[in-house]
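The values are calculated or read from the model by the stated rules, or taken from the named source; none is laboratory data. Everything numeric in this text was worked out from a predicted model, so none of it was measured. When we count neighbours, we look across all protein chains shown, and the Cβ atoms used for this are built from the backbone with ideal geometry, even at glycine. Just so you know, the surface numbers come from the protein's heavy atoms only, side chains and all, with ligands and any DNA or RNA stripped out. Shrake-Rupley method; radii C 1.70, N 1.55, O 1.52, S 1.80 Å.
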Number of protein chains: 4
Amino acid sequence: MIVILKEHPEQTQLDHLMGWLKEQQIEVHPTVGAHQTILGLIGDTSALDIDLISALDIVDDVKRVQEPYKNANRKFHPEDTVIEVGGTKIGGGNLTLIAGPCSVESEEQIVGIAKEVKASGATILRGGAFKPRTSPYAFQGMQIEGIRLLLKAKEATGLPICTEIMDASQLPLFEDIDILQVGARNMQNFSLLKALGRTRKPVLLKRGMACTYQDLLMSAEYILAGGNPNVILCERGIRTFETYTRNTLDLACIPSLKKLSHLPIIIDPSHATGKSSLVPSMAQAAVAAGADGLIIEVHNDPAHAKCDGPQSITPDAFDSLAKRLHRIKDALAD
Amino acid sequence: MIVILKEHPEQTQLDHLMGWLKEQQIEVHPTVGAHQTILGLIGDTSALDIDLISALDIVDDVKRVQEPYKNANRKFHPEDTVIEVGGTKIGGGNLTLIAGPCSVESEEQIVGIAKEVKASGATILRGGAFKPRTSPYAFQGMQIEGIRLLLKAKEATGLPICTEIMDASQLPLFEDIDILQVGARNMQNFSLLKALGRTRKPVLLKRGMACTYQDLLMSAEYILAGGNPNVILCERGIRTFETYTRNTLDLACIPSLKKLSHLPIIIDPSHATGKSSLVPSMAQAAVAAGADGLIIEVHNDPAHAKCDGPQSITPDAFDSLAKRLHRIKDALAD
Amino acid sequence: MIVILKEHPEQTQLDHLMGWLKEQQIEVHPTVGAHQTILGLIGDTSALDIDLISALDIVDDVKRVQEPYKNANRKFHPEDTVIEVGGTKIGGGNLTLIAGPCSVESEEQIVGIAKEVKASGATILRGGAFKPRTSPYAFQGMQIEGIRLLLKAKEATGLPICTEIMDASQLPLFEDIDILQVGARNMQNFSLLKALGRTRKPVLLKRGMACTYQDLLMSAEYILAGGNPNVILCERGIRTFETYTRNTLDLACIPSLKKLSHLPIIIDPSHATGKSSLVPSMAQAAVAAGADGLIIEVHNDPAHAKCDGPQSITPDAFDSLAKRLHRIKDALAD
Amino acid sequence: MIVILKEHPEQTQLDHLMGWLKEQQIEVHPTVGAHQTILGLIGDTSALDIDLISALDIVDDVKRVQEPYKNANRKFHPEDTVIEVGGTKIGGGNLTLIAGPCSVESEEQIVGIAKEVKASGATILRGGAFKPRTSPYAFQGMQIEGIRLLLKAKEATGLPICTEIMDASQLPLFEDIDILQVGARNMQNFSLLKALGRTRKPVLLKRGMACTYQDLLMSAEYILAGGNPNVILCERGIRTFETYTRNTLDLACIPSLKKLSHLPIIIDPSHATGKSSLVPSMAQAAVAAGADGLIIEVHNDPAHAKCDGPQSITPDAFDSLAKRLHRIKDALAD
C-alpha cells in the first residue's frame, strides 16, 4: 500500500501514523521529495482499512498495490480450485455444462428437459424455483414446490441441481440442493454471503451488473473467509449503454480472473445476451477463451416459458451446440 | 404497450395472441403496413409480462408506453406523499435535514453529534449500526449495541432515528427505529423489500449504483404493493467512469422522479461524492433543484471516524451549510 | 415509428401533425384508448427527424420501430459485403488477419515485423504513423515519415497497409494506403466521415468507447450515404467500470452486427484489453463468435515499443495464435 | 509516480531502468519488501510516458501520483483564469449567461432571440451554424449562411457569439466569431485541438460523453500547450444507463474541476437533460454548486425548432429563470 501525504504534513500527526502502522506490523519506507512525501507500506496490508487512512488530515491519497483479498487470491493459492459435485468436477481443465429451464413449471417439464440435456452432455441441471423479478407483478417462481420438482428431476436423472437462493432464511429448504446460486442483484447482499460462508455447499456467485473483478472477488472472499472454500465465479453480463443485448458479456473476465484467482469460472450467455439467437456464438467464444463451464437456459417450448423465454434455446440447439463446444475445446490444445 | 410483429406472422399464432390479450381485458388495435404490423394494446398493461409476449415466435419487439409501476406512479396519485415521522414531515414542500455520523461508535459520540446537528436544524438523526462493507475484513458496525446507542440518542434529543437494515431477519431489532434505510446494494433484494412491504415503517430506499429511475420505482412498488405506503426515495450517486468522485450524483433525478412519482426524494451528497470538500456544494445544488431533503454525514472528528471519514463534515460546517440551504430554498420562490 | 400523444391532444395541432405526415408520404394509423392515443406511422420513416416530432406540444414520446440507417441495414442488403484489398477478401466467411506494430519506429522494424507476420498468415499490415494520444506530451507517431516507411514495407512484402487517418486534410498523404482506419475517438467526427464518403477507399471504422451498435452503424451510414460502400466495422472495446482491462471487449457485437448489417466485422483484442497476456484468448473467442477477422498488435520487442507496448505480442506468440485460430474456425463447421 | 516491480526483478534490467530515469532528471527512491519492491519517482514526471514504463518486463504496475497535465493544473496556476470576450468576463466569480437557439434558422429568428435573451441578462449569444448530427439524414445546420446570420445578430445587439467549429479547415470562416465551441464528440479530435492551440480565440471545450475530468483537462492541455490560454470547460452531461434524461448531468464536476484547475466552468443543462422541463432546476443547481456560467437553449417557438426542440425553453421562461439564478447566487454568500 502506498500513502501519498499532503505537502508539509504536520510532524506529530505523521509520527502518530508511523507509530500506529508499526503496531499493525507494517514496515514503512518514506520517499521524500521537494513537494511530496510518499510512504511505501510493506507487510500484510489486506486487513488495513483504506478509508481510515484516507481520512487522516495529512493524507492526500492512498493506493493499494496488493489485492485486498487473500483467500480468493491466486498468489497465495497457486493451484486451481476444483469443486466436486455429484460426480462432476468443476475447474481444473474440465468443461462443465449446466443446463435447464429458466423456471421450473411442472414435473413433466423439468424431468423432460433434464433427460434431454443429460443426453446432450450436461452434467448439472439448472432451474429457477425462487425467481428475483424487477416487477412485483411478474411471476415469482413456483418457490417451495419448485424445489420439490427439481429434486424429482434429480431422482429421475441423477443430475445434481443448481438453483437460486434469495435469502439466508431459505437455507433449510436447500438442504438437498447441490449448488446454491447467488444472483447478480444479491452479489453484495453481505448477510446472505456470510450465511453461505457458514455452510460447505458449493456456491455459484454471479457478478453484479456494475461490479468489477475486484468487487466479485471481495464477495467471494466473504464466503471463503467464513470457511466455505467452494465458490464458483459466474459472469452473466454487465450493464453498459448498449440496449440491443440485455447486458454486455465481458469474456476478458475469464483469463483475468484466472490470473487473479484460483476459483473456477462459469459463463452464462443466456442472461448476458437476453436473446436465444446470440447464445450459441457467445457460448463458443467463452469456451475459446478458456471458461471452466457454461450455464445455459434450455426450454422445450421457449415461446411459452413462464419467464425469460426469449433467451432460452431448444434441446436440439443445445445438443448441436454441446458438440461444437467440445470440438472448440479440443482445437485449443497446441 | 406496443407489440411489433415480425414480417408475415403466422395467422393462427396471431389469432391465438389476440384471443389471449382479449382474455386479459386488453383492447388490441392493429396497424398493418406493407412490411410491418404493429399492435397497439390499450388497457391496464402493468400486469402483462413483457417477457412472455416477447418470447412469441411472431413477435419482433415489445415496447411499453405506460410505466410498469402503479402505486408509485404520479399519474394515479397526483398529490405528493407526505410522510410524518416523530413530528417532522418529509415531502410536500418541506426541507428535511437528516444528519449524523456514518457509524455509531460510542454513546458519547452519538449523543454529542445528535445534540449538535439538532441545534443546527436537523430533525432526524442518522447513524450506522449494521454496516455493509465490500471487504469482510473492514469494520462491520457496532450492530445490536449500535441500535441501543441510537435509541439512547433519541431519548436524549427527541430526534427520530434513521438507520440501515440489511436483512429481513433483523426486523425485530428495529422496532423502535423510525426510518429503515435500504442500502444501494440491497435495492433489488426482493426478499427484504417484500418484508418491508408487510410493515408500516417509513423506508428510505437508496437507488442502486447502476439502476435507472424506473428500476428504483419498481423497487418502491414492491414495498407499496405490499401495503406500506411510506417510501422515501434516495439518490446517493451512480457508478460512472469518473473516479475522482466515489460516485456521480445525478441531480436530474429530482425533477424527473417528482414528475414520475408522488414519493418524496432525499439526496445523499456524502456517499455520492466520497469527499467532504464536495458535500456543501452538492447539498446546495440539491436544494436548488427541488429536493425534499438531505441526508448528510456529520462527525465531530472526521479524521478518526471508524468508516467513511473522508466524506463527513464537521458540526460547524454543517451549521453554516444548513443556514445557506434555507437561504437557497427561499431564493427559489418567484 | 410510433408517436404516443399526450392525454387530450388539441385537435388543431393533431390535424396539423397528421397533415404534415401525409405530405412526407407516411401513412398514419391511430389507436385511441380511454387515456391514450398512439399513432402508428407506416412508410419510409428513416428521413423523419425524430427530434422534430418529439418537440410538438401534443407528443409525449416517439419510438422508432425501424432502424434509422438504410445503406448499412441487412434488411435492404441481405448479402454480406465482401471487400477486396490487395488480393485479400474481408467478409463473406473469410478469416482475415491484420497484424503489425502499434507505431512505425524505423524501416528495419516495420519491414522486419511485416515479413514475420506475413510468414504467420497475416494478409494485411497495420502500423501507426499518426498516433492520437490523450497527452500532448506523449509520442505522436512518425507522421509523414511513418507513411513512407509503411509503403516501404508494402513494397518489400506485398502486404496491403492499414493505418489511421486523423483528419480529412491528411487524405492526399494516404493515396497509396489501402485501408484508412478511423479511431474510436473520431467515430463521430462527422467532417472526417463525410470526406471518407467521397473516396472509394476501404475504411476500418472503430466503435467509439461509449457508442452503441446503432451509433456505429449511423457513422457507417455517413460514409455509405456519401457513396463509398467499403466500410469495415471494428470493435475495440468499450468503456465500463472495470479497470483491470483497458476497455471491455463486447464480443456479442459480432452476431448482433451481422444480424443488423451486411458489413464485415473485425475485432481488435489488443486495444480492447491493453494487456498482451489477454490477447490470445480474446482473439480465440472472437473467431469462435464468428468474426470476419482480427487486427492484432505484434512487436518484435514489446518492452521497447514507443507506445502501447504492454498490449503487443511477439511474432512467435502471433505465429502459434494464428494456427490456433484456424483450428477454431474449422471446429465451428457442423 | 510509483513503479511497482514484479517479484524478483532481473538486476540488469533494474539498473537499466534506474539509469534511464536518472537521465530524465528523476530521483528514484526504492522501497524493498520481502515480496515486492516499489520505486518512488520524484521530479517532473508529467513528460514520462507511462505506457513505456509499464511495458518493461520487470514492471508490474505504474501509478501516477501527480496529475499528467501542467498548464491546466491549479497547483501551478493558483489564480482563477478570467477570460474577457466582448466586454464580458468569464470566470473569477462572475455568472455568465450564454443563451440562444440550438440552430440558426433565419435572420428574423436569430436577431429576435438575441434581443430577447439580451434583455433578460444574457451577455453572449449561442446558435448552431454547423451541426454535428448522428444521422446523415438529419438537418446539418445552415452552415456558412448560419455564420453570416450570427454576425448579423452580433451587429444588431452587440452580443459576442459562441458557435461550434467541427473541423480545423473551417477556421477562416470563424474569424469574427468570439468563442469557438468544440462539441463533446470532438473533445478528443486532437487535430482540431492542436489547430485551436495555434489561435488565441476563446474555446468552449465540451466534455465527451464517456470522458473523465482528467480526460477533459488533458484535452484542454492540448490547447494550452499550443499557446492558447483561453479555454473554458463545459459539462453537458455524460452517458449513463439512465434513459429518461438524454445524458446525466454531473454537477460535482464544478467543485472538482475548480480544485484541479484554474479554468472557468460553464454548465449546459439543455443538452444534458434533453428535456426543457428539467432545464430550470438543473440551471439553478449549477449556480448553487458554483458554476461560472450557463449555456442555455432558448427558442421563441420550441415546437418548430429545426433541431433539439424538446430541450429549448421560451424567452419568457429564460427571463424568470435568469432572475432566480441571480437570487440563488446572492444566497450563497455567507
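The table that follows gives values for the structure above.
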item	result
Residue list for region D:90-117, restricted to those being part of a loop (DSSP other than H, G, I, E, B) and within 20 Å of D:ILE266 (Cα to Cα)	D:GLY91, D:GLY92, D:GLY93, D:ASN94, D:LEU95, D:PRO101, D:CYS102
Qualifying residues in region B:293-334 (those that are modelled with pLDDT of 95 or more and of a type in the set (Asp, Glu)) - the one nearest to D:LYS329 (Cα to Cα)	B:ASP330
Lone unmet requirement of (1) away from chain B (no Cβ under 13 Å); (2) polar (S, T, N, Q); (3) buried (at least 24 other Cβ atoms within 10 Å of the Cβ) for A:ASN186	(1)
Some residue of region C:236-243 being of a type in the set (Asp, Glu) and crowded, with 24+ Cβ neighbours inside 10 Å	no
Contacts under 6 angstrom Cβ, first residue in region C:73-89 being part of a strand (DSSP E or B), partner hydroxyl-bearing (Ser, Thr, Tyr) and open to solvent by 30 Å² or more (accessible area, probe 1.4 Å), 6 or more apart	C:THR88/C:THR123
Hits in region C:27-53 (condition: under 39 Å from the mean Cα position of the chain (by Cα) and in contact (Cβ under 8 Å) with a residue 24 or more places away in the chain)	C:ILE38, C:LEU39, C:GLY40, C:LEU41, C:THR45, C:SER46, C:LEU48, C:ILE50, C:ILE53
Residue within region B:192-208 that is out of contact with any Leu (no Cβ under 8 Å at 6 or more places or on another chain), among the hydroxyl-bearing types (Ser, Thr, Tyr) and either within 25 Å of B:ILE110 (Cα to Cα) or at pLDDT 95 or above (or both) present	no
Pairs, first free of Cβ contacts under 8 Å to residues at least 60 places away in the same chain in region C:5-24, second in a helix (DSSP H, G or I), C-beta under 8 Å, six or more apart	C:LEU5/C:LEU14; C:LEU17/C:ILE53
Contacts under 9 angstrom Cβ, first residue in region D:319-334 being within 7 Å of chain B (Cβ to nearest Cβ), partner aromatic (Phe, Trp, Tyr) and surrounded by fewer than 18 Cβ atoms within 10 Å (Cβ to Cβ), 6 or more apart	none
Residue that is most open to solvent (accessible area, probe 1.4 Å) [pool: residues in region D:196-217 that are over 12 Å from the mean Cα position of the chain (by Cα) and more than 9 Å from chain C (Cβ to nearest Cβ)]	D:ARG198
Hits in region B:56-85 - residues which are open to solvent by 60 Å² or more (accessible area, probe 1.4 Å) and either more than 9 Å from every other protein chain (Cβ to nearest Cβ) or touching a strand residue (DSSP E or B) at 6+ places or on another chain (Cβ under 9 Å) (or both)	B:ASP60, B:ASP61, B:PHE76, B:HIS77, B:PRO78, B:GLU79, B:ASP80, B:VAL82, B:GLU84
C:LEU204 being in contact with a helix residue (DSSP H, G or I) (Cβ under 7 Å, 6 or more places away or on another chain) and in contact (Cβ under 8 Å) with a residue 60 or more places away in the chain	no
Residue check for B:SER277: within 14 Å of chain A (Cβ to nearest Cβ), crowded, with 22+ Cβ neighbours inside 10 Å and among the polar types (S, T, N, Q)	no
Residue within region D:291-309 that is surrounded by fewer than 21 Cβ atoms within 10 Å (Cβ to Cβ), under 25 Å from D:SER103 (Cβ atoms) and charged (D, E, K, R) present	yes
Residue in region D:161-182 that is farther than 30 Å from C:THR134 by Cα and touching a residue at least 60 places away in the same chain (Cβ under 8 Å) present	no
Filter pass, B:ILE113 being at pLDDT 90 or above, of a type in the set (Val, Ile, Thr) and within 21 Å of the chain's Cα centre (by Cα)	no
Complete set of residues in region C:153-179 that are closer than 20 Å to C:GLY197 by Cβ, open to solvent by less than 50 Å² (accessible area, probe 1.4 Å) and either away from every other protein chain (no Cβ under 14 Å) or assigned to a helix (DSSP H, G or I) (or both)	C:CYS162, C:THR163, C:ALA168, C:GLN170, C:LEU171, C:PHE174, C:ILE177, C:ASP178, C:ILE179
Residue match in region D:235-242 (condition: more than 8 Å from every other protein chain (Cβ to nearest Cβ) and over 21 Å from D:GLY128 (Cβ atoms))	no
Every residue from region D:189-201 that is without any contact (Cβ under 8 Å) to a residue 24 or more places away in the chain and in a loop (DSSP other than H, G, I, E, B)	D:ASN189
Residue list for region A:112-150, restricted to those being charged (D, E, K, R), surrounded by fewer than 24 Cβ atoms within 10 Å (Cβ to Cβ) and within 25 Å of A:THR96 (Cα to Cα)	A:LYS115, A:GLU116, A:LYS118, A:LYS131, A:ARG148
